[in-house]
Amino acid sequence: MRLTTKGRFAVTAMIDLAMRDGEGPVTLAEISHRQKISLSYLEQLFGKLRRQALVNSTRGPGGGYTLARRSEEISVADIILAVDEPIDSTQCGGMQNCQDEQKCLTHDLWSALNTHIFDYLRQVSLSKLVQEQHERIARARANPPAVVDVAEVRRAPVGDVAVVSV
């Protein structure tokens with residue numbers, strides 16, 4: 001499967017947008033800053049997402065983007081297809097003329113893989129990805145990394161193991 005930056009960035013931006021669903025329009029500048037994605041690139045992606053009715057745009061002060069449908073109703077496959085990202089593992093683009101205008105020996109294998117990948121991405125909803133992010137954030141807050149005070153670190157002589165008090 002050739003999933004390029006376009007598809008990855010579109011999914012990432014849509015997760016960011018969905019995580020703020022219900023808080024009002026989100027600007028692309030905010031998504032750009034949080035996700036480290038070029039603003040001009042996001043503008044191109046969101047134009048395509050809007051044309052495919054995955055997002056709504058609001059102009060003017062306080063404007064930005066909101067989800068056009070509930071996050072449960074938007075799949076990863078919807079997002080990838082909206083930005084014209086092919087889901088294709090074949091070398092021929094599914095045209096069945098891989099080798100001398102004939103199907104290559106592995107065409108059916110890669111074509112079946114395309115079907116499995118697409119079916120999987122169609123089953124993964126935006127809401128599932130948002131839920132996973134919220135759970136990851138909650139786990140990180142519940143188990144913050146241990147902070148070692150440099151003043152408490154006692155060094156043992158060379159060749160021994162350093163002892164660290166936490």
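The values are calculated or read from the model by the stated rules, or taken from the named source; none is laboratory data. Fair warning: this is a prediction, and the values are worked out from it, not measured in the lab. Cβ atoms come from the backbone with ideal geometry, glycine included; neighbour counts cover every protein chain shown.
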Considering every residue within region 123-142, establish whether at least one is touching a residue at least 60 places away in the same chain (Cβ under 8 Å), part of a helix (DSSP H, G or I) and over 16 Å from the mean Cα position of the chain (by Cα). no
Any residue in region 90-100 that is among the hydroxyl-bearing types (Ser, Thr, Tyr), touching a helix residue (DSSP H, G or I) at 6+ places or on another chain (Cβ under 6 Å), at pLDDT 90 or above and not in a helix (DSSP H, G or I)? no
Condition broken by Arg141, with the remaining ones in (1) modelled with pLDDT of 70 or more; (2) within 25 Å of Arg8 (Cα to Cα) satisfied: (2)
Could you check region 40-77 and list, in sequence order, the residues that are out of contact with any Leu (no Cβ under 6 Å at 6 or more places or on another chain) and part of a loop (DSSP other than H, G, I, E, B)? Gln52, Ala53, Leu54, Arg59, Gly60, Pro61, Gly62, Gly63, Arg69, Arg70
Looking for something part of a strand (DSSP E or B), in contact with a helix residue (DSSP H, G or I) (Cβ under 8 Å, 6 or more places away or on another chain) and at pLDDT 75 or above - is there at least one such residue anywhere in region 115-122? no
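Specify which of the listed residues (Ile80, Ile37) is closer than 26 Å to Arg122 by Cβ and assigned to a loop (DSSP other than H, G, I, E, B).
Ile37
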What single numbered condition from (1) touching a residue at least 60 places away in the same chain (Cβ under 8 Å); (2) more than 23 Å from Ile117 (Cα to Cα); (3) surrounded by fewer than 13 Cβ atoms within 10 Å (Cβ to Cβ) fails to hold for Thr4? (2)
